[in-house]
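K.L.:
Before I ask anything, let me first share the structure, which is written out below as structure tokens.
The values are calculated or read from the model by the stated rules, or taken from the named source; none is laboratory data. Computed from a prediction, not measured in an experiment: that's the story for all the values here. All Cβ positions, even for glycine, are placed from backbone atoms using ideal geometry, and neighbour counts span all protein chains on display. All accessible areas refer to the heavy atoms of the entire protein, side chains included, with ligands and DNA or RNA removed. Shrake-Rupley method; radii C 1.70, N 1.55, O 1.52, S 1.80 Å.
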Amino acid sequence: PHVVLNNFETTLGRRVGNILKCLFPIPKPDTRRIVTFSNDDDHISFRHHVYSKENGNTTDKVTLFEVGPRFEMRLYQIKLGTLEMKDAETEYVLRPYMNTANKTTVL
């Protein structure tokens, strides 16, 4: 599928976007699937679409269909290394109960 990453602009956001992008193979030229990851206030929305082209007289119409699934997720932890490594270094951990004066977005 074609992977669309939206609003992953910080350094950690680009890292997460790269991780998500590497989960999918390189799309073939004739594929009609689109997978979208969109970041909104550190909540990542996942959407799966299929598009079709309708050839008209002068313009090509593109119709987008959502085929599912759709879900929201939040980044919890990034560890450097593989799953088998017991003492892998932690790159990022979500700390939801940390006392801060202002809530900042990290992605």
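K.L.:
Going through Asn39, Asn55 one at a time, which residue ends up being among the polar types (S, T, N, Q) and open to solvent by 100 Å² or more (accessible area, probe 1.4 Å)?
P.N.:
Numbers: Asn39 fails: open to solvent by 100 Å² or more (accessible area, probe 1.4 Å).
Going through Asn39, Asn55 in turn, the sole match is Asn55.
K.L.:
Hey, among the residues in the stretch 1-21 that are in a loop (DSSP other than H, G, I, E, B) and open to solvent by less than 100 Å² (accessible area, probe 1.4 Å), which one's nearest to Val62 (Cα to Cα)? Lay out the reasoning, then the answer.
P.N.:
Taking the stretch 1-21 and keeping what is in a loop (DSSP other than H, G, I, E, B), we get 1, 7-10.
Remaining after also requiring open to solvent by less than 100 Å² (accessible area, probe 1.4 Å): 1, 7-8, 10.
Working: Pro1: 17, Asn7: 24, Phe8: 26, Thr10: 32 Å.
Step by step, filter the stretch 1-21, then rank; the result is Pro1.
K.L.:
Within the stretch 60-92, can you find the residues that are assigned to a loop (DSSP other than H, G, I, E, B), of a type in the set (A, V, I, L, M) and over 15 Å from Leu12 (Cβ atoms)?
P.N.:
Of all residues in the stretch 60-92, those assigned to a loop (DSSP other than H, G, I, E, B) come to 67-70, 75-76, 81-88.
Imposing the further condition that a residue be of a type in the set (A, V, I, L, M) reduces the set to 67, 75, 83, 85, 88.
Across the stretch 60-92, the qualifying residues are Val67, Leu83, Met85, Ala88.
K.L.:
Could you look through the stretch 29-59, keep only residues that are among the polar types (S, T, N, Q) and not in a loop (DSSP other than H, G, I, E, B), and pick out the one that is farthest from Val4 (Cα to Cα)?
P.N.:
Checking each candidate, the answer is Asn55.
K.L.:
What residue, among those in the stretch 60-88 that are among the charged types (D, E, K, R) and surrounded by 10 or more Cβ atoms within 10 Å (Cβ to Cβ), is nearest to Ile19 (Cα to Cα)? Step through it out loud before you land on a result.
P.N.:
To start, the set of residues in the stretch 60-88 that are among the charged types (D, E, K, R) comprises 60-61, 66, 70, 72, 74, 79, 84, 86-87.
Add one more test, that the residue is surrounded by 10 or more Cβ atoms within 10 Å (Cβ to Cβ), and what stays is 66, 70, 72, 74, 79.
On the way: Glu66: 23, Arg70: 19, Glu72: 17, Arg74: 14, Lys79: 12 Å.
That would be Lys79.
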